[in-house]
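Input: a single structure, listed below in structure tokens.
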Amino acid sequence: MRFLLLASVGLLTVSVPAAPPGTWSARLAVDQFGYTNDTPKVAVIASPQTGFNAGQTYTPGATLEVRDAVTNAVVFSAAPTVWNGGATHAQSGDKVWWFDFSALQRWGRYYVYDPSTDRRSSQFSIHYAAYRDVLKTAGRVFFYQRRGFAKQPPFTDPNWADGASHLGANQDPAARLVTDQGNAATARDLRGGWFDAGDYNKYVNFTFSPLSNLLFAYQHNPVIWGDDWNIPESGNGLPDLLDEVKWELDWLLRMQQANGSVLSKVSSLGFNSASPPSADPSAIYYGAASTSATFCAAAHFAHAAKVFASVGQSAYAAQLQTAAVNAWNWGVANPAVTYTNAGFSSANPEVDAYTRDMFKLCAAIFLYAQTNDSTYKTYVESNYTSSHPLQWTYWYAFEAPLQDALLYYASLPGATTAVVNAIRASKQSSMGGAEFLPAWTGRTDAYRAYVKDADYVWGSNQVKASAGLIFASQNIYNLDPANRANYAAAAAGFVHYLHGVNPLTMPFLTNVYGLGVTTCANEMYHAWFGAGTVWSNALTSPNGPAPGYVTGGANPTFTPDGSYAGPPLVPPMNQPTQKSYRDWNVSFPENSWQITEPGIYYQAAYLTLLARHLRPPAYADWQTGQGLSGGTAATTANPSGDGTPNLLKYAFGLDPNQSNAALLPQPQLASHNVGGTPQTFLTLTFPRQLGAGNLTYAVEVSGDLGASWTVVCTATGTANASGPGFVSEVNRGDVRIVTARDTVAVTGAARRFLRVRVTMP
């Protein structure tokens, strides 16, 4: 099937939203960012029985509605279903009903409405790209966490601008060994990297989870990552996720010594800080090398070498591979060098012997994947059974990087069949445990994202995201295909929990009101955005915190410092497990960091889980989302009557139900440099879809509108556009924006014509 882009004029209808009925209620919890078509859509209606909101009981009506947020028209209605026979859910203290509107597939913006009580939920989207903007916002948090790099417009809103931090005298460019502070000869340039969490320190071992997650996030779904996050590297041809990863990797490379060993940390002597980060004058020191830090870095270097090689960064990949091999060799020769943290009062990043061995196992896995050297394969296959997943046949949310590495090894073509089968069988056996597939199919968690009570700890939002990834990995590695839909739905449940389907009815991301949510985390414990600063609170402070940080999450183990003499901090104290959260950032002695401090590990786990739920739409997705069926769904159909068939509307991202042919890409005259001389060419810029089905876009030119047309640029699938008329391609993740031109400059009265032919197999 093929069509030519033809220009025509139509009318574009602009709708003005009408005022919605009723009042917003925290009792109707939805994913405030939205839902994709292919995951369950279930609102959770709660009547609190215990906890801080126990007086806010609620009983929904017999029928609930989903209404269009623009017209307020009812688009779906059904009865809510009581959870567990009306029992109170112990982890939340709520009685709960589920309202399932999964049958609603039409793209749009909606809200749930209870006509019996005149109450409504937050608005949400149903769309294949429902999470596109929050993915970018959460990804940009790593930019805000950059150490030694200015955050200035146009790469940030002025509210969160700051100069480069920790570049002064006695700071990162000349950090000294903490155990020999007076010796200038120990000075090393250790610039870069990300702030680890709400403080400004950096620890090699604490990068194990975030870098592993982010590298796998790219590997498992490379097509969704755009080059348009508005960071300084945007537009350089490398997905911005990998630009951020490279920022951290470059710091790790500076932490490596000439003998291959890797230093343990870069820090002030304590948890010194200032707001903003550029105001921090603290002297900076580094900790000595250790075996654990060296194997941790070796794993990252080898893993990243594979990823960067896959995107054409061959020189950087080679540098990383060399660094990985050197680190491995030093670690093998020095198997038990432990780091004592002497001289520091900030955190000690040293790990136990088991974790150090698992760092080494992961390093061997990624080195084998990159080099195909049998030395590493032999080590993996001689030692993989010493890992907890194989020893226990239990895969849980606290060893995600190790588990991911094992499954990745089992996917490598050279791995021994018996080892592959053992790893896969262990994972599948674990999924049959009570807290995994049976917890999902048995509706164990009223809020649809079950982890056991003991897993609600400091940083429970990372646990939640990691548990979601345990489900997602079933489908990534095609384990248990018969339950594929259950695993996808369960993984999505953890996304929805983090986005507001929780007893707080609150997305656990900071200051994301600009993305259309009703509620979110207004505060977090962070040295930059702390209490008393202009960044303290998203609603009451002049600036508020930067958007998109994932906070720590519910933590029933929270206790303030022993010196705290005020009344009990309720919440988070004395609450059901899922309500053990408080939106605040007061430091010592209240110790809010146990609840609201962010961390690069939380952020990366969330981002990786979210990435599993984005993909470009195939034509069938577009049909469903646009409400097309029967004859109106054909590629040749034209439901709006504007003369433009569905295939072209799909190809260029237009609504087939609107008369909008005037919005089709139109050729323009534009100046381009040829051999250093600006010349004018007929030029066309257009979006192209990357969804399954692989449309082909062929830009063609002619001098006479006759039968002879010459192709000057071709774009198909995920490969880059190319041809003599190719100008540029901007990667926005789910779509790419292509600019192509004629190969003959416009001169005098010469006639030139430009068109694009769209073909679908």
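Flag set for VAL75, criterion: over 15 Å from THR117 (Cα atoms) and either outside the structural domain of ARG109 (by TED's automatic domain parsing) or part of a strand (DSSP E or B) (or both).
Okay, residues lined up against (1) free of Cβ contacts under 8 Å to residues at least 12 places away in the same chain; (2) in contact with a helix residue (DSSP H, G or I) (Cβ under 9 Å, 6 or more places away or on another chain); (3) not β-branched (Val, Ile, Thr):
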{"site": "ALA662", "(1), (2), (3)": "no, no, yes"}
{"site": "LEU669", "(1), (2), (3)": "no, no, yes"}
{"site": "HIS672", "(1), (2), (3)": "no, no, yes"}
{"site": "PRO687", "(1), (2), (3)": "no, yes, yes"}
{"site": "THR696", "(1), (2), (3)": "no, no, no"}
{"site": "GLY703", "(1), (2), (3)": "no, no, yes"}
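ASN159 satisfies every condition listed in (1) buried (at least 17 other Cβ atoms within 10 Å of the Cβ); (2) farther than 24 Å from PRO656 by Cα except (1). Among the residues making up segment 239-262, those that are in contact with a helix residue (DSSP H, G or I) (Cβ under 8 Å, 6 or more places away or on another chain) and either assigned to a loop (DSSP other than H, G, I, E, B) or closer than 13 Å to ALA297 by Cβ (or both) are PRO239, GLU248, LEU249, LEU252, LEU253, MET255, GLN256, ASN259, GLY260, SER261, VAL262. The set of residues from segment 1-43 being touching a Pro at 6+ places or on another chain (Cβ under 9 Å), buried (at least 16 other Cβ atoms within 10 Å of the Cβ) and at pLDDT 95 or above comprises ARG27, LEU28, ALA29, ASP31, GLN32, PHE33, ALA43. Against the numbered list (1) surrounded by fewer than 19 Cβ atoms within 10 Å (Cβ to Cβ); (2) not in a loop (DSSP other than H, G, I, E, B), GLY433 comes up short only at (2).
Set side by side, the residues ALA449, ALA439, ALA415, ALA425 differ, and just one is surrounded by fewer than 22 Cβ atoms within 10 Å (Cβ to Cβ) and not in a helix (DSSP H, G or I), which is ALA415. Scanning segment 733-761 for residues that are part of a strand (DSSP E or B) and either of a type in the set (A, V, I, L, M) or under 30 Å from VAL134 (Cβ atoms) (or both) returns VAL735, ARG736, ILE737, VAL738, THR739, ALA740, LEU754, VAL756, VAL758. Among the residues of segment 174-181, are any small (Gly, Ala, Ser), in contact with a Pro (Cβ under 7 Å, 6 or more places away or on another chain) and buried (at least 18 other Cβ atoms within 10 Å of the Cβ)? Scanning segment 174-181, I find no residue that is small (Gly, Ala, Ser), in contact with a Pro (Cβ under 7 Å, 6 or more places away or on another chain) and buried (at least 18 other Cβ atoms within 10 Å of the Cβ), so the answer is no. Looking across ALA73, ALA87, ALA103, one residue alone is surrounded by fewer than 16 Cβ atoms within 10 Å (Cβ to Cβ) and within 32 Å of the chain's Cα centre (by Cα). It is ALA103.
Just to verify a result, which residue in segment 125-184, among those that are of a type in the set (Asp, Glu) and touching a helix residue (DSSP H, G or I) at 6+ places or on another chain (Cβ under 6 Å), is farthest from THR608 (Cα to Cα)? Among residues in segment 125-184 that are of a type in the set (Asp, Glu) and touching a helix residue (DSSP H, G or I) at 6+ places or on another chain (Cβ under 6 Å), the one farthest from THR608 (Cα to Cα) is ASP180. Note on segment 93-145: residues that are among the hydroxyl-bearing types (Ser, Thr, Tyr) and in a loop (DSSP other than H, G, I, E, B) total 7.
Would you be able to say whether some residue in segment 176-188 is under 30 Å from the mean Cα position of the chain (by Cα) and not in a loop (DSSP other than H, G, I, E, B)? Looking for residues that are under 30 Å from the mean Cα position of the chain (by Cα) and not in a loop (DSSP other than H, G, I, E, B), one finds none in segment 176-188, hence no. Kindly evaluate ASN334 against the criterion of being over 23 Å from LEU407 (Cα atoms) and either surrounded by fewer than 18 Cβ atoms within 10 Å (Cβ to Cβ) or aromatic (Phe, Trp, Tyr) (or both). Yes; evaluated as a whole, the condition is true for this residue.
Consider ASN543 carefully, then state whether it is under 30 Å from ILE126 (Cα atoms), touching a helix residue (DSSP H, G or I) at 6+ places or on another chain (Cβ under 9 Å), of a type in the set (S, T, N, Q) and modelled with pLDDT of 95 or more. It is false that ASN543 is under 30 Å from ILE126 (Cα atoms), touching a helix residue (DSSP H, G or I) at 6+ places or on another chain (Cβ under 9 Å), of a type in the set (S, T, N, Q) and modelled with pLDDT of 95 or more. Any residue in segment 80-90 that is without any contact (Cβ under 8 Å) to a residue 60 or more places away in the chain, part of a strand (DSSP E or B) and among the hydrophobic types (A, V, I, L, M, F, W, C)? Looking for residues that are without any contact (Cβ under 8 Å) to a residue 60 or more places away in the chain, part of a strand (DSSP E or B) and among the hydrophobic types (A, V, I, L, M, F, W, C), one finds at least one in segment 80-90, hence yes.
The values are calculated or read from the model by the stated rules, or taken from the named source; none is laboratory data. Because the structure is a prediction, the values reported are computed rather than measured. So basically every Cβ, Gly included, is an ideal-geometry build from the backbone, and we count neighbours across all protein chains shown.
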